[in-house]
Amino acid sequence: MKDIRKQNIGIINNSNAIIINGDVTIDNQVFQDIKNTFFEILRGHFEKYSVIAVKKAKCEIEKCIKCILEKLLKEQQLCLIKKFQSISIQVVLHDALVGYLSVEDEVIKDFIIDTLIDRLKVQNSSSECSIINEAIKIIPNLNTSTSSLIALMNLRHQIVDNFSFMLEVYFHNLAPIVNNACNINNTDIEYLIQSGCTHTINGIYNIESFENHLLKQYDLFFRHKGDKEILDKFKLIHPQIMNKVNNLGTSMFCLNGHEQRYWQFCDVNSSLFYNRLKSRRQEYLIPLIEELKENTPLFTVTELRNYLCNINNNWNNVFSLLNNKKLLKEGLSIVGLYIGSKVISKCLHNSSLSISEISNPISL
């Protein structure tokens, strides 16, 4: 396996090598060429800054370059460096660098770098290119409240297709975003609308309440736990209910509670689960699952809210926010979905989704 922890970028012919994050050694000439390109793109802006401001700006740009190279190396995508000479990339790079210098929030700076790297990966003529170009213009204008708002709105669109025992961890790990819900106000909502991150739903139809969204999209998870005695009796009558139902070789149930007295479904969404069963030619199990679901009633709206508020009481603010009359008429545009998914991925320390995955509502 290739060791990427210690690598040279370029051919080192002198002792002027630059160390990035203690692991990456890059030839000084390679680094200088990239730096000169970045500085040349910003030359017109530097002429408007004071001497002290220019000095600080150049230090920030060097830090930006090192971060870009570090991330490209981690993804084994160093070949993308050559794209910095492309005219179309340099137009986007100008917007990204101006945005990078205009913000002080290190998290937003990191978003800008990640988005710029996404732009390097796509073809110039693709729709993905246009989406990322727009995102690069918007992201520098986000703050903690607006980035949290767009992430929370994103929760109404995508489904975490995961095992049920992992979903509670997911809700726990959203705490940094959830905790900001109480700070989001009408100005933040208006900004996202005007920035092009949303689209208005016309007519009499609204987006369903956040509670109803969760109950529909996580209908196998937000249920009362089943008594193991009922499951054992059911297995005697229908032993095929314990057949393996996924590529991991596991069944559709997991046991929990004191001495494993209770069970719940491993999957979180009936539609996703049934589609997988059909692809595995196990559709004969679906009527049995429907019969078992009768023994584990779906949560009520109140029970759902109580469940999440027991994890973090600030979920109460999330429900109030997402059920806001104004937001029930606003869905996220594809640009908003792209930005929202990146905020969530950053919060969860996961790799971000591609735009094709984001445009599929069953993808996160």
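Quick note: the coordinates plus some simple rules give every number you see, no bench work behind them. Nothing here was measured: the structure is a model prediction, and the numbers come from that model. Positions of Cβ are generated from backbone atoms using ideal geometry, with glycine treated the same way; all protein chains shown enter the neighbour counts.
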For this session: Please report His349, His213 as a ranked list, fewest other C-beta atoms within 10 angstrom at the top and most at the bottom.
Result: His349, His213
Seminar exercise, completed: Listing Asp232, Asp110, Asp188 by rising number of other beta-carbon atoms within 10 angstrom, fewest first, gives Asp232, Asp110, Asp188
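Check each of the trypsin sites (Lys or Arg not before Pro) in the stretch 247-287 and keep only those in coil by DSSP with at most 11 other C-beta atoms within 10 angstrom; list them in order.
When the trypsin sites (Lys or Arg not before Pro) of the stretch 247-287 are filtered for loop state and at most 11 Cβ neighbours within 10 Å, Arg281 remain.
Among the trypsin sites (Lys or Arg not before Pro) in the stretch 46-155, which ones are in a DSSP loop with at most 13 other Cβ atoms within 10 Å of the Cβ? Mind listing them?
When the trypsin sites (Lys or Arg not before Pro) of the stretch 46-155 are filtered for loop state and at most 13 Cβ neighbours within 10 Å, Lys48 remain.
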Problem set entry | Across Lys35/Lys137; Lys56/Lys121; Lys82/Lys346; Lys278/Lys342; Lys74/Lys109; Lys35/Lys55, pairs whose alpha-carbon gap is larger than 24 Å | Lys56/Lys121; Lys82/Lys346; Lys278/Lys342
Exercise. Using the Kyte-Doolittle scale, which helices in the chain average at least 0.0 and also have C-alpha atoms spread 18 Å or more along the helix axis, with helices defined as whole DSSP H runs?
Worked result: 51-74, 87-102, 106-121, 334-348
Exercise. Among bridges DSSP assigns within the chain, what percent are antiparallel (round to 5)?
Worked result: 80 percent
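Among Val107, Val51, what is the fewest-to-most ranking by other Cβ atoms within 10 Å?
Val51, Val107
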